[in-house]
Amino acid sequence: MFSGRVQGGHSGRWSEAEGVVSRLPLAIFFGTPRKLPKAREIPGRVVVLDIAFASEASGDDSFHKISMAFIKGLGPRLVAWVDHHDSKEHGRFKEDPRFVLHTKAEHGACPEIITPALVERFGPCDSIVCHSDFDGMVSAAKWQRGGVEPYPGADDDARAVDTRIGHPGPIGEQIDRAIRARPRDLGLLGLIVRHLSEGLTDPSLWPPIQQAARELDAIEQNTRRIAERYRRLPPGIAVVEATDQGPFDKTLLLLIGQERERVSVVLDRGTVTMAAAFDSGINFLALLGLSGGMPTRVSVDRSTLPAVWKALGVDPAEVKLALQD
C-alpha cells in the first residue's frame, strides 16, 4: 500500500521518511485498486480520486473485500468518489450522488472530470485518497486547487500519460518519469503532489523530481534489453518473460511489445500483464470475464495463465517453445 500525507498548517516542514508535507490543507493518501489505506486511519471527510473498483483480477470477490469494505469503513465520511475506469459495479451507485463514475472511453484521464463546479458541489473535505500515478496526483492537486489545473495543459498531459496517445508536454513528461522511476517512494510522491498543488511556484521543489526522472534512464536501458527477448506468436501476440531480469519499466516494455504486435504480454514473477493501444477496440475485461478495470491494460495473477492464453487464442505449447529459444 502506498500512503503519504499532506497535512494542514503552514510550517513548511517536510519529512521524506514519512511522506509528510505540512504546508497544504488536506491529508493525501496514495492507493491502488488492489491496495487501499485503512479507512480508520484517514481523518475527517474524504474524497477518493482515480481509484478503480477492484475486480476479479485482484482475487475472488475483490470488489466486496476491498472496494466495498473501504466504502463501508468510511461510511458518511465519504464525500465523493470520482473515477474513470470501467466497472460492472458502477450501476449499484447510480442513485448515490457521491459517486461520479465514468468509463475510460468517456474520459481518458480523471483530472478532466474535476471542474470548479464539481469541487464546489461537494464542499470542503479533510483528506484525499488518490491513485499513486501521474493521473491520480494531478487529480489530487486539481481538487485542492478548487478544480483549477496545476499548470496550463495538465489535463492534456494526464490524458496523454494515461492513454499513451500522443505525448505529454515537458512538465508532465518529467513528473511522470520521476513517478515511474520511484513508484514506491512516498516522500517523492508527496513532494510531487505538493508541488502540483502549489502550481509549481516553488523552484526548490524541482531538483529532487528531476533527479528521480534521470534515474529512469538506466531503468529504460534495461527495459529495452529485456524487450529484445520478445517473441511474436499468432494471432498477433508479442510475449516476453521478464522474471529476474532486473528493474524495468513495465509501461515502456508493454509499449515496445505493441510496436511488434497488436497485443503485448509481459510475464513477471507473480503477474501476467497484457496491453493494447487505447484506440485498438480490444477489451481485455470482456475477454477475461473481469468486472472492472482498464479495458486495454490488465494485470492478473500468473496462476491464471492458462485462461489468459485461451482468451487470447494462443497455443500454450507455442509459447513454451518460443520462450525456450
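The values are calculated or read from the model by the stated rules, or taken from the named source; none is laboratory data. Remember, it's a predicted structure, so these values are computed and weren't measured experimentally. Neighbour counts are summed over all protein chains in view; Cβ atoms, including those assigned to glycine, are modelled from backbone coordinates with ideal geometry.
Side notes on the structure shown:
- Among the conditions (1) closer than 23 Å to ALA52 by Cα; (2) in contact (Cβ under 8 Å) with a residue 40 or more places away in the chain, LEU191 misses just one, which is (1).
- If the condition is being modelled with pLDDT under 95 and closer than 16 Å to PRO116 by Cβ, then the range 147-176 contributes no residue at all.
- The number of residues in the range 234-287 being in contact with a Pro (Cβ under 7 Å, 6 or more places away or on another chain) and either in the same structural domain as ALA178 (by TED's automatic domain parsing) or aromatic (Phe, Trp, Tyr) (or both) comes to 1.
- Top-ranked residue of the range 132-148 - restricted to ones that are of a type outside the set (Phe, Trp, Tyr) and in contact with a strand residue (DSSP E or B) (Cβ under 7 Å, 6 or more places away or on another chain), ranked as surrounded by the most Cβ atoms within 10 Å (Cβ to Cβ): SER139
- Complete set of residues in the range 141-161 that are out of contact with any Leu (no Cβ under 7 Å at 6 or more places or on another chain) and not small (Gly, Ala, Ser): LYS142, ARG145, VAL148, GLU149, PRO152, ASP155, ASP156, ASP157, ARG159, VAL161
- Residue check for GLY293: farther than 30 Å from ALA181 by Cβ and either modelled with pLDDT under 95 or exposed (fewer than 14 other Cβ atoms within 10 Å of the Cβ) (or both): no
- Number of positions in the range 262-305 that are in a loop (DSSP other than H, G, I, E, B) and either of a type in the set (Val, Ile, Thr) or more than 30 Å from GLU215 (Cβ to Cβ) (or both): 11
- Residues satisfying the stated conditions in the range 197-232, i.e. surrounded by 13 or more Cβ atoms within 10 Å (Cβ to Cβ), among the small types (Gly, Ala, Ser) and within 26 Å of GLU259 (Cβ to Cβ): ALA213, ALA227
- Scanning the range 71-88 for residues that are touching a Gly at 6+ places or on another chain (Cβ under 9 Å) and surrounded by fewer than 17 Cβ atoms within 10 Å (Cβ to Cβ) turns up ARG77, LYS88.
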